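Below is one structure; the comments refer to it alone.
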Amino acid sequence: MSTILLAGGAGYIGSHTSVELLSSGYDVIIADNYSNSCPEAVRRVEKITGRSVKTYEVDIQDKTALEAVFRENKLDAVIHFAGLKAVGESVEKPLLYYRNNIDTTLSLLECMNEYGVKNIIFSSSATVYGEENPVPYTEEMKRGTCTNPYGWTKVMMEQILEDASKADKELSVVLLRYFNPIGAHSSGMIGEDPQGIPNNLMPYVAQVAVGRREKLTIFGNDYDTPDGTCRRDYIHVTDLAKGHVKAVDYVLKNSGVEIFNLGTGTPYSVTEIVDTFEKVNGIKIPHVYGARRAGDLPESYANADKALRVLGWKTEKTLADMCRDTWNWQKNNPNGYNTAE
Ligand code: NAD
Ligand code: UD1
C-alpha cells in the first residue's frame, strides 16, 4: 500500500485526513513542528483507527531537517497542509506568512525532486477566487485579488506548484480549494482546537456554547443577502478528509495539474448557522450584531460538480451533522487537547 507524507498533518484538517487515509489502507507519516497543533492529536488518530503513525517533529521550512523524512521513507505522495492560516495575523505579520508558507512549499518540492517523489496535493482555499469572481466559483475562473497576505500566499503557492509541474512532466499536482471546513470526527476525539480567541465562526460559536466566551458578535447584517448576514459554503471536515482520499487515488494515477473545489455547493448564512447550532444541540448562543469585518465578502460558495465528475466525490453530511459534531467535540474537550482524558 502507498505511503503518504502529511506535512502539517497534526493540525485540524490533517488529523481528520489521517483517519480517513488510514481507514482506507494507506500508510501515513506526519511531519509537523506543532506550531499550531500537538502530538496528542496524532495519538488520538491512532486510537480511532487502531493503526500507528510515524511522526517527525520538524520545521518544514528547514530543508536539511526535512530531508531525513525523505531519506528514511519511501514516499508515494505528499499532502501539504503545513501553513499559517490566520487572516488577521497575516495582515500584521506579512513576512512571517510569506516566509513560512512559501518556504515550506519550496522545501517540500526540492526534497520531492531530489528523492523522486512525483505526487503532491496542496491545501488551497476558496480565498484565491478573490473579490472579482461571481459565485458559485468554478475551477477554471482566473485567480482574483485577495484582501490579505494569507490569501496571496495561497495564490503564490498555486503558481509555484503549476510552474514546477510545467518543468517536470512527471510531477502530478492536485490543488484542493477548500471552502469553510467545520465540524469534527463523529467520535468526538479529534476536532478544531484554535489557540487564543478564535477567528473563525464555528469555533467561536462552540466556545460560547461551552461558556469560554460570553457572546458571539455577528459581523454585519446589512449585506445584500437573504437575511443580511454573509453566506458561506460550510463543509464537514470528515467529508473534506474523504475528498483527500479521492485526491490521493487520483494524483497517484495522473500527471499535470488539476484543481478541485471541495465544498457542498450550498451556502448558509451566519444566522442560519447560529439557529441550527441552537436547535440541534438545545443550547442558546447569545449573540449581538456588530460592524462588518474588513475583507469579508457577502457570499462565497462552490460549484462542486468537477469533484463529483472527476473524483467521484461529493459531500454526505448535513449542516445539522456539522453543528452536532462540533458540539460533541467541544463538550468532551472544553479546553481542546489540553483536557485530561
Ligand atoms: P492547522 O493550523 O490546524 O494545521 C496546519 C498544521 O501545519 C499545524 O499542525 C501546524 O503546526 C503545521 N505547520 C505550520 N507551519 C509549519 C512548518 N513550518 N513546519 C511544520 N509544520 C508546520 O490548519 P488547518 O485548518 O488544518 O489547515 C490546513 C491547511 O489548509 C492550511 O494550509 C490552511 O491554510 C489550509 N486551509 C484551511 C482552511 C480552514 O478553514 N481550516 C481553509 C482553507 C485552507
Ligand atoms: C476566513 C478567511 C479565509 C480562510 C478561512 C479559513 C477572511 C476574510 N477569510 O474565511 O481566507 O480561508 O477563514 O481559515 O478572514 N463571523 C462572525 N462572527 C465571528 C466570526 C465570523 O459573524 O466571530 C462571520 C464572518 O463575517 C463570515 C462568516 O462568519 O461571514 C464565516 O467567517 P469565518 O469562519 O472567519 O470564515 P471566512 O471569513 O469565510
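The values are calculated or read from the model by the stated rules, or taken from the named source; none is laboratory data. As the structure is a prediction and not an experimental result, all values here were calculated from the model. With ideal geometry, Cβ positions are generated from the backbone for all residues, glycine too; neighbour counts draw on all protein chains shown. Remember, those area values only see protein heavy atoms, side chains included, never the ligands or the DNA or RNA. Shrake-Rupley method; radii C 1.70, N 1.55, O 1.52, S 1.80 Å.
Once you order the gyration tensor axes a ≥ b ≥ c over the Cα atoms, which shape class does segment 224-341 get: rounded for a/c under 1.5, otherwise prolate or oblate by comparing a/b with b/c?
Details: a/c = 2.30, a/b = 1.38, b/c = 1.67.
Oblate, because a/c is 1.5 or more while a/b does not exceed b/c.
Which of rounded, prolate or oblate describes segment 109-207 when judged by the alpha-carbon gyration tensor and an a/c cut-off of 1.5? It comes out oblate by the Cα gyration axes. Along segment 65-78 the Karplus relation, 6.51 cos²θ - 1.76 cosθ + 1.60 evaluated at θ = phi - 60°, assigns HN-Hα couplings of 5, 5, 4, 4, 5, 6, 5, 8, 9, 9, 9, 9, 7, 10 Hz to successive residues, with x for each Gly and Pro.
Equivalent-ellipsoid semi-axes (√(5λ), Cα gyration tensor) for segment 261-315, whole Å, largest first? Can you show the working numbers first?
Values: eigenvalues 166, 62, 8 Å².
Largest first, segment 261-315 gives 29, 18, 6 Å.
For a quick check, take a GNM of the chain with Cα springs below 10 Å and name the residue from V173, V288, V45 with the largest mean-square fluctuation. Its mean-square fluctuation being the largest, the pick is V288.
Calculate what fraction, in whole %, of the accessible area of the chain sits on carbon and sulfur atoms when a 1.4 Å probe is rolled over the protein chains. Spell out each step's value before the answer.
Working: 6940 of 14390 Å².
That fraction is 48 percent.
What angle, in degrees between 0 and 90 and rounded to the nearest 10, separates the Cα long axis of helix 149-167 from the longest principal axis of the Cα atoms of the chain? Once rounded, one gets 30 degrees.
Close amide H pairs (under 5 Å, H built 1.01 Å from N) link I218 with V288, Y289, G290, residues at least 5 positions away or on another chain.
Working with all protein chains in place, sort W152, W313, W327 by solvent-accessible area computed with a 1.4 Å probe, largest first.
Working: W152 80, W313 10, W327 35 Å².
Largest accessible area first, the list is W152, W327, W313.
Against the longest principal axis of the chain, how steep is helix 319-332, in degrees 0 to 90 to the nearest 10, with axes from Cα atoms? Taking the Cα atoms of the chain, the angle to 319-332 is about 80 degrees. With only the Cα atoms considered, the chain has a convex hull volume of 124 Å³ per residue.
For the chain, what is the accessible area per residue in Å² when the probe is 1.4 Å?
Values: 14390 Å² over 341 residues.
For the chain, the per-residue accessible area is 42 Å².
The phi torsions of segment 281-286, fed into the Karplus equation with coefficients 6.51, -1.76 and 1.60 and a -60° offset, translate into couplings of 9, x, 10, 7, 10, x Hz, rounded to whole numbers, with Gly and Pro shown as x.
A Gaussian network model of the chain, with springs between Cα atoms under 10 Å, assigns the largest mean-square fluctuation among L95, L84, L319 to L95.
Distance between the C-alpha centres of segment 101-130 and segment 238-253: 16 Å, rounded to the whole angstrom. Amide H contacts of T264: A302, each under 5 Å away and 5 or more positions distant or on a separate chain (H built 1.01 Å from N in the peptide plane; Pro and chain starts excluded).
With springs connecting C-alpha atoms under 10 Å apart, model the chain as a Gaussian network and identify which of V245, V19, V135 has the largest mean-square fluctuation. In the Gaussian network model the winner is V135.
Pairs of Lys residues in segment 105-249, spaced 8 or more positions apart or belonging to different chains, with C-alpha separations under 25 angstrom: 15 in total.
Taking square-rooted eigenvalues a ≥ b ≥ c of the alpha carbon gyration tensor, is segment 177-233 rounded, prolate or oblate, where a/c under 1.5 means rounded and, failing that, a/b exceeding b/c means prolate? Intermediate results must be reported in sequence, preceding the final value.
On the way: a/c = 2.40, a/b = 1.42, b/c = 1.69.
In terms of gyration-tensor shape, oblate.
For A68 and R99, the FRET efficiency from 1/(1 + (r/R0)^6), where r spans their Cβ atoms and R0 equals 25 Å, is about 0.70.
Extending 7 Å from the Cα toward the beta-carbon at both Y289 and A320 defines two label points whose distance is 2.8 nm. Where the centroid of each part is defined by its Cα atoms, how far is segment 153-184 from segment 266-317 in Å? First find each Cα centre; the distance between them is then 24 Å.
Close amide-amide hydrogen proximity is noted between I121 and V78, I79, H80, V174, each under 5 Å apart and 5 or more residues distant or on a separate chain (H modeled in the peptide plane; Pro and chain starts excluded). Per-residue Karplus couplings for segment 129-141, computed as 6.51 cos²θ - 1.76 cosθ + 1.60 with θ equal to phi - 60°, are listed in order as 6, x, 8, 7, 6, x, 7, x, 7, 10, 5, 7, 4 Hz, Gly and Pro entered as x.
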